[in-house]
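Before any comments, here is the structure.
The values are calculated or read from the model by the stated rules, or taken from the named source; none is laboratory data. Keep in mind that what you see is a predicted model, and the values were worked out from it rather than measured. Glycine gets a Cβ as well: all are built from the backbone with ideal geometry, and neighbour counts include every protein chain shown.
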């Protein structure tokens with residue numbers, strides 16, 4: 001055994017261990033991309049860089065064996081900067097979308113590809129669960145939303161976008177028509193009480209997610225009926241009132257108290273709410289600066305002045321969302337406000353010192369070059385875009401066919417990819433360095449294993465795994481410098497190269513450059529665990 005220190009914490013480590021092993025004994029995870037325990041370290045990605053305090057040298061944790069008396073810096077600003085730069089250099093060559101373009105275009109950032117996949121397999125109950133994770137009023141939005149998600153759909157530039165909004169409405173309508181519409185579970189009672197003032201789209205969404213978080217919620221509305229501008233600005237034809245009432249009722253069924261015909265227009269009325277509740281969310285619609293000042297809070301040119309990162313007003317415990325901030329906006333933007341504000345209020349009630357929606361990382365391919373669309377369309381369903389006629393809805397077979405038009409632009413390893421995980425943790429900027437990327441390409445479409453050269457970071461793990469398993473062909477690098485590519489010898493297929501260890505190679509790939517074709521049921525890849533001990537940002 002040898003004794004070393006990592007960030008001034010002493011540990012006894014077996015001789016021959018590397019610094020990754022040593023840190024694990026302290027319940028500390030050092031980030032890695034190109035390293036796999038049991039295989040020789042390649043020291044290529046530099047994401048595991050640490051500093052030898054005595055020599056002042058930066059070294060790779062995966063390729064450095066422990067030595068008696070070592071003192072290592074692992075979590076310092078210098079090391080964080082080095083790791084962030086290493087990640088950003090890798091991202092400058094990365095050709096892949098962590099999340100699909102439609103996801104980015106949707107203000108609520110719903111997992112649209114997952115919903116479409118569930119519809120294509122006729123798993124409508126699973127689809128409504130996916131939808132309501134991010135959208136509280138899908139049957140309503142499916143009718144009144146201007147469909148920004150479809151404007152972002154990559155297939156729009158070919159033969160028309162997937163009919164995302166109509167498919168969402170279809171799932172929601174089918175659910176509402178059942179004897180047991182989906183009612184999301186609520187967390188145990190938090191002991192906290194929240195008042196939501198205003199029962200328009202932002203208030204309804206806010207109370208939906210606050211109640212799901214376990215808080216006792218009271219919805220306060222000045223009118224007799226709930227719905228706000230959904231009831232006053234939308235016609236019966238565009239938004240049938242039975243649908244509006246049914247979807248609102250689903251929110252109230254979560255256990256929300258309703259106080260209708262109750263106005264909150266003065267400082268004294270707001271004071272009373274602040275005394276009664278632990279937090280107040282103002283979703284009062286379009287508001288003049290004079291009306292805002294009567295509430296005793298700071299006004300902006302368009303309405304209520306807030307911290308743009310947290311929806312917080314200048315009064316502690318009071319937050320604001322929706323058209324009360326911007327005067328006018330899309331309904332889907334208002335519902336997204338409600339969801340985001342609920343996240344912030346949940347942190348506030350839990351006593352967080354810094355309220356934040358967090359750093360949501362995603363690599364993006366960006367504008368496609370000539371010929372790249374053909375790669376996305378290859379093997380896709382050739383069906384045209386189709387939407388139901390006015391007053392009708394999809395039949396199951398049409399909904400399935402339409403959802404199958406999705407190109408699956410998002411990464412199959414989203415939330416499981418090591419490059420994504422560590423880039424998000426270290427706040428890596430994928431656009432820091434000039435992008436020098438290969439054309440988007442998928443190799444092996446005739447195989448059950450697919451390879452995307454633009455995602456490969458040359459970690460060699462799949463080569464080493466195949467070599468140890470004595471695969472008949474295996475894998476190898478060909479070319480030089482930037483042109484180096486992973487390849488199957490003798491122009492074989494990936495199926496021929498990986499006859500024994502395909503699942504092991506896909507599982508080990510840190511960037512999902514290797515994946516299984518949709519026609520093959522992929523293995524159950526274990527979610528990468530949250531770091532066991534890493535200092536907070």
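Out of 47, 82, one residue alone is without any contact (Cβ under 8 Å) to a residue 40 or more places away in the chain and within 30 Å of residue 366 (Cβ to Cβ). It is 82.
Residue 528: surrounded by 15 or more Cβ atoms within 10 Å (Cβ to Cβ) and modelled with pLDDT under 90, yes or no? Break it down stepwise before answering.
Working: surrounded by 15 or more Cβ atoms within 10 Å (Cβ to Cβ): yes; modelled with pLDDT under 90: yes.
Taking the combined requirement at face value, the residue satisfies it.
Can you confirm whether the stretch 357-367 contains a residue that is buried (at least 17 other Cβ atoms within 10 Å of the Cβ), free of Cβ contacts under 8 Å to residues at least 60 places away in the same chain, under 24 Å from the mean Cα position of the chain (by Cα) and not assigned by TED's automatic domain parsing to the domain that holds residue 106? No, because not a single residue in the stretch 357-367 is buried (at least 17 other Cβ atoms within 10 Å of the Cβ), free of Cβ contacts under 8 Å to residues at least 60 places away in the same chain, under 24 Å from the mean Cα position of the chain (by Cα) and not assigned by TED's automatic domain parsing to the domain that holds residue 106.
Criterion applied to 24, 41 was being within 22 Å of residue 423 (Cα to Cα), surrounded by 14 or more Cβ atoms within 10 Å (Cβ to Cβ) and without any contact (Cβ under 8 Å) to a residue 12 or more places away in the chain, and the one residue passing it is 24. Listed here are the helices (runs of 4 or more DSSP H) enclosed by the stretch 369-482 that have at least 1 residues being touching a residue at least 60 places away in the same chain (Cβ under 8 Å) and within 26 Å of the chain's Cα centre (by Cα): 372-377, 396-403, 418-425. Residue 329 meets all of the listed conditions (1) crowded, with 17+ Cβ neighbours inside 10 Å; (2) within 23 Å of the chain's Cα centre (by Cα); (3) modelled with pLDDT under 95 but one, namely (2).
Return a yes/no flag: does the stretch 370-380 have any residue that is touching a helix residue (DSSP H, G or I) at 6+ places or on another chain (Cβ under 7 Å), on the phi < 0 side of the Ramachandran plot and at pLDDT 95 or above. Checked the stretch 370-380: no residue is touching a helix residue (DSSP H, G or I) at 6+ places or on another chain (Cβ under 7 Å), on the phi < 0 side of the Ramachandran plot and at pLDDT 95 or above. Just to be sure before I move on: is residue 60 farther than 30 Å from residue 202 by Cα and modelled with pLDDT under 95 in the structure I sent? In short, no. I'd like to know if the stretch 176-190 contains one or more residues that are in the same structural domain as residue 132 (by TED's automatic domain parsing), surrounded by 15 or more Cβ atoms within 10 Å (Cβ to Cβ) and closer than 19 Å to residue 330 by Cβ. Checked against the condition, which is being in the same structural domain as residue 132 (by TED's automatic domain parsing), surrounded by 15 or more Cβ atoms within 10 Å (Cβ to Cβ) and closer than 19 Å to residue 330 by Cβ, the stretch 176-190 yields no hits at all.
When residue 304 is tested against (1) under 23 Å from the mean Cα position of the chain (by Cα); (2) more than 22 Å from residue 193 (Cα to Cα); (3) surrounded by 13 or more Cβ atoms within 10 Å (Cβ to Cβ), only condition (1) is not met. Here residue 194 clears all of (1) out of contact with any strand residue (DSSP E or B) (no Cβ under 6 Å at 6 or more places or on another chain); (2) at pLDDT 95 or above; (3) not in a helix (DSSP H, G or I) except the condition numbered (1).
In the stretch 485-518, what count of residues is obtained for those that are modelled with pLDDT under 80 and closer than 22 Å to residue 417 by Cβ? The qualifying residues number 1.
Candidates are the residues of the stretch 307-322 that are more than 25 Å from the chain's Cα centre (by Cα) and surrounded by 15 or more Cβ atoms within 10 Å (Cβ to Cβ); the one that is farthest from residue 140 (Cα to Cα) is 315.
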